[in-house]
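Worksheet: the structure to be examined is printed underneath.
The values are calculated or read from the model by the stated rules, or taken from the named source; none is laboratory data. Given the structure is predicted, the values throughout are model-derived calculations rather than measurements. Only protein heavy atoms, including side chains, enter the accessible area calculation; ligands, DNA and RNA are left aside. Shrake-Rupley method; radii C 1.70, N 1.55, O 1.52, S 1.80 Å.
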Amino acid sequence: MHLSTMIDWRHALLGVVLTLACSLAGQSLAALPGFSLIGHLVLALLLGMVIQVCRPVTLAARESTGFIANKFLRAGIIFLGFKLNLIVLVSAGLQSLEAAVFVVAIMIPLNYAAARFLRVDHTLALLTACGCSICGAAAVMGVSGALKAKADQSVLAVAIVAILGTVFTLIEVFAQPILGFTDSQFGVMAGLSLHEIAHAVAAGGSAGPVGTDSAIIAKLSRVLLLAPVAIILGIVEAWRQRRQSQDRDQKFKVPIPWFMGGFIAASAIGSYIPAIGSAVPILVKIAYLILGMAMAALGLNVNFSVIAKEGVRPMVSAITCSFVILALSWFIVRTWF
């Protein structure tokens with residue numbers, strides 16, 4: 001018994017060390033030109049997938065990766081709340097938030113409908129819809145618990161979001177000179193249309209400091225919607241599963257993602273308690289470090305055959321909807337801003 005416990009602790013430590021190494025390496029790579037478009041979280045995921053070539057090490061580490069992917073993910077999202085400055089959002093006016101609500105309310109159902117039309121699995125369709133419509137990998141992982149998603153589904157959704165976000169970042173940067181927008185307008189369009197925060201910052205940065213600030217405000221307005229969307233999806237999913245159940249006396253249990261409450265609380269604390277202000281950058285770095293470990297843990301558990309088999313149809317639907325969200329964001333900026 002004692003020997004077995006020792007082995008379990010060693011395997012757990014191995015999982016922590018491997019995922020931490022992937023997260024730190026992902027952070028370092030994301031600071032390099034070009035890799036910044038891919039982003040730290042996706043790079044950590046990819047590194048976790050690469051480690052699978054060393055199968056004995058991977059099999060030993062997998063005993064702890066389930067815990068890391070689950071608990072560390074929730075802790076990381078809570079800490080990520082410190083990045084969301086509510087004072088900045090309010091002082092910039094509610095126009096970006098209203099536009100973000102409009103975009104998310106339209107694009108999640110549209111993304112889901114397009115994926116289901118192409119016979120994509122229900123859960124994968126919702127993961128991809130949230131990733132493309134809200135805030136990329138963080139959104140995928142934020143709703144995966146409420147949807148009881150499998151690791152392969154989450155990884156595939158993250159991969160789709162990362163690839164398309166990078167491609168559409170380049171499209172918007174090259175299109176900027178012909179759009180006729182001011183720097184501020186272009187930044188808003190980037191924040192409303194691109195998937196990851198890194199993508200919005202990269203595209204908005206091509207329009208200078210004003211474009212960067214506008215992109216960040218618009219993008220963080222979408223990030224703010226992650227919590228209510230996760231709660232709504234949890235309620236809808238619980239209702240759907242109860243309807244499909246043969247047991248009509250089954251209690252209606254809603255898998256409320258309580259860690260989203262921590263996300264909002266962290267946002268409020270970081271925004272309105274001055275003493276925390278100086279520590280916010282460090283707390284955000286911790287958030288991304290922990291989230292990177294969760295992403296690497298997912299990468300260690302990827303089933304490559306499932307990814308190859310299931311990836312084409314959700315990619316096609318997501319490409320179509322990425323063009324739609326770009327056109328919708330262009331229209332909103334042209335009309336409202």
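Taking only protein heavy atoms and a 1.4 Å probe, the accessible area of the range 124-196 is 68% carbon and sulfur. Over all projection directions, the Cα-based convex hull of the chain averages an area of 19.2 nm².
Normalised radius of gyration (Cα atoms, divided by 2.2 N^0.38 Å) for the range 145-223: 1.21.
Sum -39500 (n - 2.57) across every DSSP H segment of at least 4 residues in the chain, then divide by the residue count to get the 222 nm mean residue ellipticity, nearest 500.
Values: 17 runs with 261 residues, N = 337.
About -25500 deg cm²/dmol.
When only C-alpha pairs under 8 Å and at least 6 residues apart count, what is the relative contact order of the chain, in percent? Reported relative contact order: 32 percent. Within the listed set GLY81, GLY234, GLY34, the Gaussian network model of the chain (springs between alpha-carbon atoms below 10 Å) gives the highest mean-square fluctuation for GLY34.
For the listed residue pairs LYS83/LYS148; LYS150/LYS285; LYS71/LYS285; LYS148/LYS309; LYS71/LYS150, the alpha carbons are over 25 angstrom apart in LYS83/LYS148; LYS150/LYS285. Solvent-accessible surface of the chain, taken per residue with a 1.4 Å probe and all protein chains present: 46 Å².
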